[in-house]
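Worksheet for the structure shown next.
The values are calculated or read from the model by the stated rules, or taken from the named source; none is laboratory data. Fair warning: this is a prediction, and the values are worked out from it, not measured in the lab. For neighbour counting, all protein chains shown are included, and Cβ atoms are generated from backbone atoms with ideal geometry for every residue, glycine included. Each accessible area value is taken on the protein alone, full model and side chains, heavy atoms only, with ligands, DNA and RNA left out. Shrake-Rupley method; radii C 1.70, N 1.55, O 1.52, S 1.80 Å.
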Amino acid sequence: MVYGKILLPGLALFLAAAALPASARNDRSRAAAVYMDASAPIEDRVEDLLSRMTLSEKIYQLNQYVLGENDNTNNIGDVVEECPGEIGSLIYFGESAVTRNAMQKRAVEQTRLGIPVLFGYDVIHGFRTVYPIPLAQAASWNPDLAARACRVAACEAASSGIDWTFSPMVDIARDARWGRMAEGYGEDPHLCSVFAAAAVKAYQGDSLAAENSIASCLKHFVGYGASEAGRDYVPTEISRQTLWDTYLPSFKAGVDAGAVTLMSSFNNISGIPGSANSYTMTEILKGRWGHKGFVVADWNAVEQLINQGLASDRKEAARLAFNAGLDMDMVDGCYQEHLASLLNDNTVSEERLDDAVRRVLRVKFMLGLFENPYTEELPESERFLLPSSLDVAEQLAQETMVLLKNEGGVLPVGDDVSCIALVGPLAKSREDLLGSWSGRGRAEDVTSIFDGLSSALSGRAELLYAQGCDFEKNDTSLFAEAVSAASRADMVILCLGEKRSWSGENASRSTIALPPVQEKLLAAVKRTGKPVVVLLSNGRALDLTRISPAADAVLEIWQPGVRGGNAVAGILTGKYNPSGKLPVTFPYTTGQIPIYYNRRSSGRTGMQGRYQDIPSTPMYGFGFGLSYSDFSYGTLTVCVDGSGNRVSSGEGVLDFTLGQTLTAEVTVTNTGDTDGKETVQWYIRDPYCSVTRPVRELKHFEKQMIASGESRTFRFEIDPVRDLGFVDSGGNPFIEPGDYFIMVGDQKVTVRLGSPE
């Protein structure tokens, strides 16, 4: 969504026409109504309240406006009066509960039925305690740790009056030119699905009505990440089969985890925009998946159906979106302005209206808003940046960082290094480490790379600083200072990357290479002959064609949040052993895009069909990441139903039948001198299928700490239908007889499913 000025054509006229009589402003009988009885089943409460609502009250529930931050007691009344008390939802741009509670009081105590407002906000990777961006979180391959961050975000948001977050974003992204790659969990459906489920459960807790639980919203439904040429809001061409095997699984995982809302997507899906797509919102989500919550539009998305060429005016846009299954309109006022007349025209049915209202009310009852409509007004010191929250921030940040190169073991910094030159436009930046969609985060909350290293190296090594250059432009006037510092030091740590504004929504870029001035700065300090460690802070995969070869070590730190500097210092000094793995493919150049690991096989073989001027392989592949440890994989074995019927890699074929389960095992030993965490990634392949399949498909992963000299056994419990099967263009799962490969590391075992008798 893009926040901007909100225009609500016809709203004042509608308010005047739909105003309730003064005598009905407060229904004194509501205290005895079923919908106010907390002991009654939610469905009974929903139906009772729905039966009491007027047309205007129903329509209000399907609209969302905004409430700005304004804690000035002299102005709160004016701000609240600008919003109708009957409104269904508000996006709340505040970080205290004061204004929120004033608005909620208006809704609960000064309207006829007292229906509480649902307050939403973009809590994407933290509220005030800002964590690494979601793309970085996926690089941790540690969904439990990412869930702890989401739980902190929920607590901070709830204490500030937020009931609902527009998160997680579970779009599959395979074009790094698309700025919103930063907001999701990467290119793989399974990895994204696991993190989607973890985030939903963390936000919503064991019960939505519990203190500090907030509703989650899966976005953007669906296929937004298939953005053509990396541009935002543009049409996408997605076959039905690809929709089911690539773009829908992460949403299904989130729905199965309990997500109560979804957000429609901006993109035109093969001719029908996501915000008016009945196949995705009604047939799949509400029909086949049985989702009982509601779908909200993205910012101004209903009106965008005009720009997309589907609707001729706002009224038609409202009709198309509403009938397709989009329940709540975000800010553009199309529903508020036109639903009543659409009902009068019989182009929208009362049944559809009641269904949408029922879904919104259901979520409000699940959240316990009727029993606990207000948020306790606590001081910031009791809500934000708590020590335990910051500990999670540092642990998550360091586990997300990916060591891409470490030639000669230049890292961690050795005891023989007494002077380090810290150079680059990101060395002292705080704001840019927050990344896009940083909630209510503040630059002053962030530990910069400079501050983190200064603290870690105190009494151990001298730290010289030189900016070297700006993020872009062609000014090389600061190069001399940087070269001087590098010449005096034993090692150079060069901090390159993106501004926070270069990724996120409406942040598409034609090239994913860093600006030339940054690459030139690297070349300049490299000429000093000193070892150069490049730190990369960015919100997407990057083109490192000219960076990686010139660096002795490369550490991808992403946009790591408030404790980024501490985490960087910990990895550079050896306090932390890097354990991150890439959740997206890093192309050799921008020209390779789209490039992703789980492609289908091509026609012809060898070098035919490949690029003639550049390699066709990526610079760094999906799942890649180095460690300060060395991990040795033992022999892969697979057995049937835990029996003695087993086979090891290189031995032959293991036969099985449907109804049996398979167990794959591999023992991993840390042969290095440093304790470290290793992520074992399990892949499968079906080499021949009636619907051709990817060359590799991630199906399971597990991350464990392995002490130096010790071993751990990793297992993959395989359900053949779930893990070896596929899906057709109608979304129907199937599995065919034949050979399948179970793969881990550089090993594989062939298992054979026999034909049914």
Check your understanding: If only one of Arg715, Arg722 is under 29 Å from the mean Cα position of the chain (by Cα), modelled with pLDDT of 95 or more, open to solvent by 50 Å² or more (accessible area, probe 1.4 Å) and under 30 Å from Thr280 (Cβ atoms), which one is it?
Key -> Arg722
**Study point:** Residue check, Arg358 farther than 21 Å from Val117 by Cβ, over 27 Å from the mean Cα position of the chain (by Cα) and in a helix (DSSP H, G or I)
**Key:** no
Exercise for review: Working only within the range 473-532, note down all residues that are part of a strand (DSSP E or B) and either touching a Cys at 6+ places or on another chain (Cβ under 9 Å) or open to solvent by less than 10 Å² (accessible area, probe 1.4 Å) (or both).
Suggested key: Met491, Val492, Ile493, Leu494, Cys495, Leu496, Gly497, Val532
Review point. Being over 13 Å from the mean Cα position of the chain (by Cα), surrounded by fewer than 24 Cβ atoms within 10 Å (Cβ to Cβ) and free of Cβ contacts under 8 Å to residues at least 60 places away in the same chain, is that true of even one residue in the range 169-180?
Key: no
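Can you tell me which residue within the range 415-434, out of those that are assigned to a loop (DSSP other than H, G, I, E, B) and of a type in the set (D, E, K, R), is farthest from Pro531 (Cα to Cα)? So that I can check it myself, show each step before the final result.
Going through the range 415-434, the residues assigned to a loop (DSSP other than H, G, I, E, B) turn out to be 415-418, 424-430.
Now drop any that are not of a type in the set (D, E, K, R), which leaves 415-416, 428, 430.
Numbers: Asp415: 15, Asp416: 13, Lys428: 21, Arg430: 26 Å.
Filtering the range 415-434 for residues that are assigned to a loop (DSSP other than H, G, I, E, B) and of a type in the set (D, E, K, R), the one farthest from Pro531 (Cα to Cα) comes out as Arg430.
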Point to revise | Selected residue (criterion: farthest from Arg722 (Cα to Cα)) from residues of the range 657-677 that are among the charged types (D, E, K, R) and surrounded by fewer than 21 Cβ atoms within 10 Å (Cβ to Cβ) | key: Asp673
Point to revise | Matching option when the condition is in contact (Cβ under 8 Å) with a residue 24 or more places away in the chain and in a strand (DSSP E or B), among Leu582, Leu572, Leu536 | key: Leu536
Study note, to complete from the structure: Within the range 389-427, the residues that are under 23 Å from Ala154 (Cβ atoms) and in contact (Cβ under 8 Å) with a residue 40 or more places away in the chain are Ser389, Leu390, Val392, Ala393, Glu394, Gln395, Leu396, Ala397, Gln398, Glu399, Thr400
**Study point:** Enumeration of residues in the range 729-757 that are in contact with a strand residue (DSSP E or B) (Cβ under 6 Å, 6 or more places away or on another chain), surrounded by 14 or more Cβ atoms within 10 Å (Cβ to Cβ) and part of a loop (DSSP other than H, G, I, E, B)
**Key:** Gly745
Exercise for review: Give the number of residues within the range 97-133 that are in a loop (DSSP other than H, G, I, E, B), under 25 Å from Met366 (Cβ atoms) and within 32 Å of the chain's Cα centre (by Cα).
Suggested key: 10
Practice item. Pick out the one residue from Ala149, Ala202 that is outside any loop (DSSP other than H, G, I, E, B) and touching a residue at least 60 places away in the same chain (Cβ under 8 Å). Key: Ala149
Review point. Restricting the range 264-291 to residues that are farther than 19 Å from Pro189 by Cβ and of a type in the set (A, V, I, L, M), which is most open to solvent (accessible area, probe 1.4 Å)?
Key: Ile272
Review point. Could you list, in sequence order, the residues of the range 341-368 that are of a type in the set (Asp, Glu) and free of Cβ contacts under 8 Å to residues at least 40 places away in the same chain?
Key: Asp345, Glu350, Glu351, Asp355
Practice item. Report yes if some residue within the range 447-455 is farther than 26 Å from Thr528 by Cβ, open to solvent by less than 40 Å² (accessible area, probe 1.4 Å) and under 29 Å from the mean Cα position of the chain (by Cα); otherwise report no. Key: yes
Exercise for review: Test each condition in (1) closer than 17 Å to Leu658 by Cα; (2) touching a helix residue (DSSP H, G or I) at 6+ places or on another chain (Cβ under 6 Å); (3) not in a strand (DSSP E or B) for Arg722 and report the one that comes out false.
Suggested key: (2)
Exercise for review: Please find, within the range 228-250, the residue that is least open to solvent (accessible area, probe 1.4 Å) out of those that are over 24 Å from Met328 (Cα atoms) and among the small types (Gly, Ala, Ser).
Suggested key: Gly230
Point to revise | Selection from the range 430-461 of residues that are in contact with a Cys (Cβ under 8 Å, 6 or more places away or on another chain) and closer than 30 Å to Tyr121 by Cβ | key: Ile449
Exercise for review: Kindly provide the set of residues from the range 292-328 that are open to solvent by 10 Å² or more (accessible area, probe 1.4 Å) and in a helix (DSSP H, G or I), ordered by number.
Suggested key: Gln304, Ile306, Asn307, Arg314, Lys315, Glu316, Arg319, Leu320, Asn323
**Study point:** So Ser381, is it assigned to a helix (DSSP H, G or I) and either open to solvent by 20 Å² or more (accessible area, probe 1.4 Å) or within 27 Å of Leu67 (Cα to Cα) (or both)
**Key:** yes
Review point. What's the number of the condition Ala259 fails, among (1) in contact (Cβ under 8 Å) with a residue 40 or more places away in the chain; (2) part of a loop (DSSP other than H, G, I, E, B); (3) open to solvent by 10 Å² or more (accessible area, probe 1.4 Å)?
Key: (3)
Review point. Can you find a residue in the range 680-691 that is touching a residue at least 60 places away in the same chain (Cβ under 8 Å), more than 32 Å from the chain's Cα centre (by Cα) and open to solvent by 30 Å² or more (accessible area, probe 1.4 Å)?
Key: no
Exercise for review: Please state which one of Lys703, Lys677, Lys699 is part of a strand (DSSP E or B), within 31 Å of the chain's Cα centre (by Cα) and more than 20 Å from His190 (Cα to Cα).
Suggested key: Lys677
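Within the range 634-650, can you find the residues that are of a type in the set (D, E, K, R) and either surrounded by 14 or more Cβ atoms within 10 Å (Cβ to Cβ) or without any contact (Cβ under 8 Å) to a residue 12 or more places away in the chain (or both)?
Of everything in the range 634-650, just one residue is of a type in the set (D, E, K, R) and either surrounded by 14 or more Cβ atoms within 10 Å (Cβ to Cβ) or without any contact (Cβ under 8 Å) to a residue 12 or more places away in the chain (or both), namely Arg646.
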Check your understanding: Only one residue in Thr54, Thr129, Thr111 is at pLDDT 95 or above, among the β-branched types (Val, Ile, Thr) and open to solvent by 30 Å² or more (accessible area, probe 1.4 Å), so which one is that?
Key -> Thr54
Check your understanding: Which one is most open to solvent (accessible area, probe 1.4 Å), of the residues in the range 361-373 that are outside any helix (DSSP H, G or I) and not small (Gly, Ala, Ser)?
Key -> Asn372
Practice item. Quick one: Asp655 ticks every box in (1) under 26 Å from Leu191 (Cα atoms); (2) touching a Lys or Arg at 6+ places or on another chain (Cβ under 6 Å) except a single one, so which number is it? Key: (1)
Check your understanding: Does at least one position in the range 59-73 carry a residue that is over 19 Å from Val363 (Cβ atoms), more than 32 Å from the chain's Cα centre (by Cα) and at pLDDT 95 or above?
Key -> no
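Just the residues that are closer than 17 Å to Pro578 by Cβ and either without any contact (Cβ under 8 Å) to a residue 24 or more places away in the chain or assigned to a loop (DSSP other than H, G, I, E, B) (or both), please, taken from the range 545-558. Before you say what the answer is, go through the steps one by one.
Residues of the range 545-558 that are closer than 17 Å to Pro578 by Cβ, as a first pass: 548, 551-558.
Of everything in the range 545-558, those that are closer than 17 Å to Pro578 by Cβ and either without any contact (Cβ under 8 Å) to a residue 24 or more places away in the chain or assigned to a loop (DSSP other than H, G, I, E, B) (or both) turn out to be Ala551, Asp552, Ile557, Trp558.
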